[in-house]
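In what follows, a single structure is set out as structure tokens and then discussed.
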Amino acid sequence: MSSKRALITGITGQDGAYLAQLLLQKGYSVHGLVRRSSHAGVFDHRLKWLGCAADVRLHDGNLLDLSSILRLVQEVQPDEVYNLAAQSFVTASWQQPLLTGQITGLGAVNILESVRTICPQARFYQASSSEMFGLIQETVQSENTPFYPRSPYGVAKLYAHWMTINYRESFGLHASNGILFNHESPLRGVEFVTRKVTDGVARIKLGMAKELRLGNIDAKRDWGHARDYVKAMWLMLQQDQPDDYVVATGRTTTVRAMCEIAFRHVGLNIDDHLVIDPALFRPAEVDVLLGNPAKAQSVLGWQPETPLEAMIEEMVTADLERLRRAV
């Protein structure tokens, strides 16, 4: 078993929780950065859902406060650092573009600078995003596809992505970017479309709602399971040389088709409940995202394990259980 120490920013999010679980299973000592919150006892609900909250050590800090990051890195002396923290909701990035730039973009540089200063031997992972491709320049997106972000979130992620490359090339850090396409799970925030759908379908099935309101259901996404994708993050930091990798399933599906899977799972007809709301369309839409994971498969030996259908059914079932308990 490993005796390595890992530091995870965004540990209370979907990816952070699954990554913490994975690293604990591998024998790591896992530390996480959390913002001071008035919601004590609630913020770590994803870690509790996975049954590993008691096994991680959480530290107060803030990505925007370099001094707190420096102190944390000094205290933990991590072998691996995973920067998963971000303002990660694309819609909110239009409403809070400056905050998104500070947290998602500059926050990553605060982590990089802290690693470079305190423990340059540590291996660093940056959570990049398929949203950086935006207005796609190639039908299938790989590590060599030009970027064209279409939201403040995508732009901020692109800044963090290139700064990671710059620190790697300028200071010799073992710093890698994972360009992750959409990845979901029962731990996904309800503001994201897959979870909005599965939660909405569960509510309709239980008689708590009658309709599900969505925007552009013709948008296509490459959806995988977060539990599979965090394995790719870990594999990147086990390589002799740092690099950048697309992590995706290589399959694209419309929002409508994803909704049909969810409604079918509970025996409902999508056309009886789905309502298109023009107010929910993005100012600049990303119509299609489809990743080419060939490099991750050949170099890392990584493969997605959970089909879209199984993932959506798992999410609907989890939301049904949550809602039944809440009644």
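Coordinate-derived values only; no laboratory data. Since this is a predicted model, take the numbers as computed values, not measurements. In this analysis, Cβ positions are derived from the backbone assuming ideal geometry, glycine residues included, and neighbour counts consider all displayed protein chains.
Structural remarks
- Potential lengthening of the chain between Gln241 and Leu206 amounts to 7.5 nm, from the contour at 0.36 nm per residue minus the alpha-carbon distance.
- Beta bridges per DSSP with both ends in the chain, % antiparallel, nearest 5: 5 percent
- Selection of chymotrypsin sites (Phe, Trp or Tyr not before Pro), the stretch 218-324, meeting DSSP coil and at most 16 other Cβ within 10 Å: Phe281
- Cα convex hull of the stretch 97-182, projected area averaged across orientations, nm²: 5.5 nm²
- Here the stretch 30-142 is treated as a sphere whose radius is the Kirkwood value from Cα pairs; by Stokes-Einstein at 25 °C and 0.890 mPa s it diffuses with a coefficient of 155 µm²/s.
- Positive-end extreme of charge dipole, the stretch 181-274 - chosen from Gln241, Ala226, Gly207 (charges on Cβ): Gly207
- Gaussian network model of the chain, springs between alpha carbon atoms under 10 Å - residue of Ala248, Ala209, Ala127 with greatest fluctuation: Ala209
- For the chain, the Cα gyration tensor yields ellipsoid semi-axes of 32, 22, 19 Å (square root of five times each eigenvalue, largest first, whole Å).
- Mean projected area of the Cα convex hull of the stretch 214-327, taken over all directions, amounts to 9.4 nm².
- Theoretical gain in end-to-end length, Asp60 to Gln95 [0.36 nm per residue, Cα-Cα removed]: 10.0 nm
- Aspartates and glutamates with Cα under 18 Å of Lys205, excluding same-chain neighbours fewer than 8 positions away: Glu260, Asp271, Asp272, Glu313, Glu314, Asp319, Glu321
- The stretch 68-218, relative contact order in percent, only Cα pairs under 8 angstrom and at least six apart counted: 23 percent
- Cubic angstrom per residue, convex hull over Cα atoms of the stretch 134-214: 134 Å³
- About its Cα centre, the dipole of the chain is roughly 680 debye, where the only charges are +1 on Lys and Arg Cβ and -1 on Asp and Glu Cβ.
- Sequence-distant contacts, meaning Cα pairs under 8 Å at least 6 residues apart, place the relative contact order of the chain at 17 percent.
- When you filter the trypsin sites (Lys or Arg not before Pro) in the stretch 207-283 for DSSP loop state and at most 11 other Cβ atoms inside 10 Å of their Cβ, you are left with Lys210.
- Just so you know, the Cα atoms of the stretch 123-269 work out to an Rg and Dmax of 17.6, 58 Å.
- DSSP assigns beta bridges within the stretch 160-266; of those with both partners inside it, close to 25 percent run antiparallel.
- Kirkwood estimate for the stretch 51-114, i.e. one over the average of 1/r between Cα atoms, Å: 13.0 Å
- Residues Ile8, Ile103 in ascending order of nearby Cβ atoms (within 10 Å, fewest first): Ile103, Ile8.
- In the chain, the DSSP-assigned H stretches of four residues or longer account for a calculated mean residue ellipticity at 222 nm of -11500 deg cm²/dmol, using -39500 (n - 2.57) per stretch and the full residue count as denominator.
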